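Read the structure below first, then the notes.
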Amino acid sequence: MTLNEIAKKICAKGKGILAADESTGTIAKRFKSINVENLEKNRLSFRQTLFNSSAMKDYIGGVILFDETIRQKTTLGLSIPELISKHGAVPGIKVDKGAKPLAGFIDETITEGLDGLRERLKEYYDLGARFTKWRAVYKISNKFPSAQSIKSNAHALARYAALVQEAKMVPIVEPEVLMDGSHNIDKCYQVTTAVLNECYNELEIYKVDLKGMVLKPNMIIPGSECEDKSSAEEIAKKTLDCLKKNVPSEVPGIAFLSGGQSEIESSKNLNEINKINDTNFLITFSYGRGLQASALKEFGKNQENLENIQKAFNHRAKMNGLSSKGRWSEELEKESAA
Ligand code: 13P
């Protein structure tokens, strides 16, 4: 498959991406919230339960894995990438090494992981990965993000993307402007514009083939502590406008992160965006919390009750699959949850 075909497959209409690539530290936080011990066997058990769900075939185009998971085997002996491929989805891998403090810039980060990346990519390809993810993080305040954090993260994202394409995989480029803070929706629009602009500048400089990449952005939403709440219609309008102005039209797929929105909010907002999508971009989800929160709760209640865990996951995957076509509704949400 060409890079463009892989990108279109993971973002295909009606499908999206399951971001199950929480690092051991991040999954520790998720497990703590449900009183589950952060052991390798528990991480495997939760993830393999999701990857065995019936929703995989119909609603999931790709799964982003963490380094530990891509090397694990299911209890039936299949490797995790084999299990994912068996359902017709594409295995992917998070390859960045996390956001580290940016020297000289208090409270800002630069994502690391370029050293040795070419060699690691070869190994991940051999393990079955066909796409990858790298996440840059930007916080909003009166002082930041600084021009330097925008520039250095865009540079790293571009060098990452070029290496990934050289290794014959599709890079997901994820510049995440965080929801944390009291900024309003227009500030989010303005910062996201600056971030996307710089990313596409650098991607062009490093000769990244835009037809063979996927963008994973934040939606344009007010900060979580902002008093002015926005309607889904306003979020959709401003998000689509920002993407149309700042993302080159050759990019085949745009898959949002959920970023701390609730499960329903992230489905509703994605749906509104697709209802007014008049571009050629395949616009879908690449959710972690937005797809897994309810399933995680069920796992916390009873780790052995695979049926309930899968029921919760199947429901969210189906709802987001509908949102990727602009066909989600609150009625369907209630009907099929019942
Ligand atoms: P959330 O959907 O929970 O924001 O996670 C997506 C992701 O992959 C963040 O890097």
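Taken together, the values in this text are just the output of simple stated rules run on the coordinates, not laboratory data. Here the structure is a predicted model, which is why all the values come from computation and not from measurement. Ideal geometry is used to build each Cβ from the backbone, glycine not excepted, and the neighbour counts take in all protein chains shown.
Structure summary
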| item | result |
| --- | --- |
| Asn35/Glu68 FRET efficiency (R0 22 Å; Cβ-Cβ; nearest 0.05) | 0.55 |
| Three-way shape label, the chain, alpha-carbon gyration tensor, a/c 1.5 | rounded |
| Lysine pairs in region 1-122 with Cα atoms under 15 Å, if 8 or more residues apart or on separate chains | 8 |
| Cα-based shape type of region 95-151, given that a ≥ b ≥ c are square roots of the gyration tensor eigenvalues and the cut on a/c is 1.5 | prolate |
| FRET efficiency for Lys244 and Glu119, using Cβ-Cβ distance with R0 set to 41 Å, rounded to 0.05 | 0.60 |
| Where only alpha carbons of region 100-217 are counted, the Rg and the Dmax (Å) | 14.7, 45 |
| Restraint check, Lys216/Lys275; Lys207/Lys238; Lys151/Lys297, Cα-Cα greater than 31 Å | Lys151/Lys297 |
| Stretchable slack from Ile276 to Ala103, in nm (0.36 nm times residue separation minus alpha-carbon distance) | 58.1 nm |
| Whole-Hz ³J(HN,Hα) from phi, Karplus 6.51 cos²θ - 1.76 cosθ + 1.60, for region 324-329, glycine and proline x | 5, 10, x, 10, 6, 8 |
| Relative contact order (%) - criterion: Cα under 8 Å, at least six apart; region: region 34-154 | 22 |
| Nearest-0.05 FRET efficiency for Gln148 and Asn197, computed from C-beta distance (R0 25 Å) | 0.95 |
| Rounded to whole Hz, the Karplus (6.51, -1.76, 1.60) HN-Hα couplings of region 119-132, x for glycine and proline | 5, 5, 5, 4, 5, 5, 4, 5, 7, x, 5, 10, 8, 9 |
| Cα shape, region 1-136, gyration tensor, a/c 1.5 rule | oblate |
| Sequence-separation-based contact order of the chain, relative, with Cα cut under 8 Å and 6+ spacing, percent | 20 |
